[in-house]
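Working notes, structure below.
The values are calculated or read from the model by the stated rules, or taken from the named source; none is laboratory data. Not measured: the values here are computed from a predicted model. A quick note on method: Cβ atoms are made from the backbone with ideal geometry, for glycine too, and the neighbour counts reach across all protein chains shown.
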Amino acid sequence: MNFRTSSEEETVALGRSLARLLPAKAAVLLIGNLGAGKTTLARGIVEGLEAASADDVSSPTFTLIHEYGDRVYHVDLYRLETEAELATLGLEEIFDRDAIVLIEWGERFPERMPADRIEIRIEAVGEDGRVITVDGLPLRPSGEART
Ligand code: ADP
Ligand code: MG
């Protein structure tokens, strides 16, 4: 699936819509350069999942993991250098939960990410344009339907 947004607000709105397509348990890699819009999209997804309002979702760059209830996690691996550092985060245990785990910079540790994952790529086009590509969504969300 391919989308194009032309403002931060549109990317938040797209995140809200994408949230409805996610299964109840999923690892979602957000892939793109610094400033591409990974955190912005995550804000919309968290809001769409009704786990928090978009305004209350901040970047986990320094805290590494933010939890929204027990069903939504937002992770940022940017500052991690090694697999040993990554191991201290306890991500594997989080991946085992019935939760949606949004991961920025997860592609830096591909072997440590679940094989069954959703990948969302964000590419800047000009100042405010973004092309957003979603791969790996199940054809039909499994688990309980989200309304
Ligand atoms: P990342 O987490 O990928 O480093 P952020 O989401 O933190 O990126 O930041 C994206 C930046 O790009 C914000 O300053 C935002 O205002 C700006 N921006 C401009 N246009 C868009 C767009 N279409 N979608 C998302 N962000 C945009
Ligand atoms: Mg970010």
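Structural remarks
- Selected residue [more than 19 Å from Glu8 (Cα to Cα), of a type outside the set (Lys, Arg) and at pLDDT 95 or above] from Val75, Val134: Val75
- Matching residues in the range 53-72 - criterion: being out of contact with any Ser or Thr (no Cβ under 9 Å at 6 or more places or on another chain), assigned to a loop (DSSP other than H, G, I, E, B) and within 16 Å of ligand 2 (Cβ to nearest atom): Phe62, Thr63, Leu64
- Boolean, Asp76 is within 16 Å of ligand 2 (Cβ to nearest atom), acidic (Asp, Glu) and either buried (at least 16 other Cβ atoms within 10 Å of the Cβ) or within 20 Å of Pro110 (Cα to Cα) (or both): yes
- Any hit, the range 121-134, residues being away from ligand 1 (no atom under 15 Å from the Cβ), under 16 Å from the mean Cα position of the chain (by Cα) and within 23 Å of Leu18 (Cα to Cα): no
- Some residue of the range 111-119 being loosely packed, with under 13 Cβ neighbours inside 10 Å, touching a residue at least 60 places away in the same chain (Cβ under 8 Å) and not in a strand (DSSP E or B): yes
- Near pairs, Cβ below 9 angstrom, 6+ apart or cross-chain, from the range 19-45 (within 13 Å of ligand 2 (Cβ to nearest atom)) to any residue that is among the aromatic types (Phe, Trp, Tyr): Leu29/Trp105; Leu30/Trp105; Ile31/Trp105; Leu34/Tyr78; Lys38/Trp105
- A Cβ distance below 7 Å, combined with a sequence gap of six or more or placement on separate chains, defines the contacts here; from the range 64-77, residues that are in contact (Cβ under 8 Å) with a residue 40 or more places away in the chain reach residues that are part of a strand (DSSP E or B) and buried (at least 16 other Cβ atoms within 10 Å of the Cβ) in the pairs Arg71/Ile100.
- Within the range 1-21, being in a helix (DSSP H, G or I) and either under 12 Å from Gly129 (Cβ atoms) or not hydrophobic (A, V, I, L, M, F, W, C) (or both) holds for Glu8, Glu9, Glu10, Thr11, Gly15, Arg16, Ser17.
- Leu89 being away from ligand 1 (no atom under 12 Å from the Cβ), assigned to a loop (DSSP other than H, G, I, E, B) and either within 15 Å of the chain's Cα centre (by Cα) or polar (S, T, N, Q) (or both): no
- Per this entry, Asp70 is not counted among residues that are surrounded by fewer than 21 Cβ atoms within 10 Å (Cβ to Cβ), over 22 Å from Val131 (Cα atoms) and modelled with pLDDT of 95 or more.
- Looking across Ser53, Ser59, Ser17, one residue alone is near ligand 1 (Cβ under 7 Å from one of its atoms) and either of a type in the set (Ser, Thr, Tyr) or surrounded by fewer than 16 Cβ atoms within 10 Å (Cβ to Cβ) (or both). It is Ser59.
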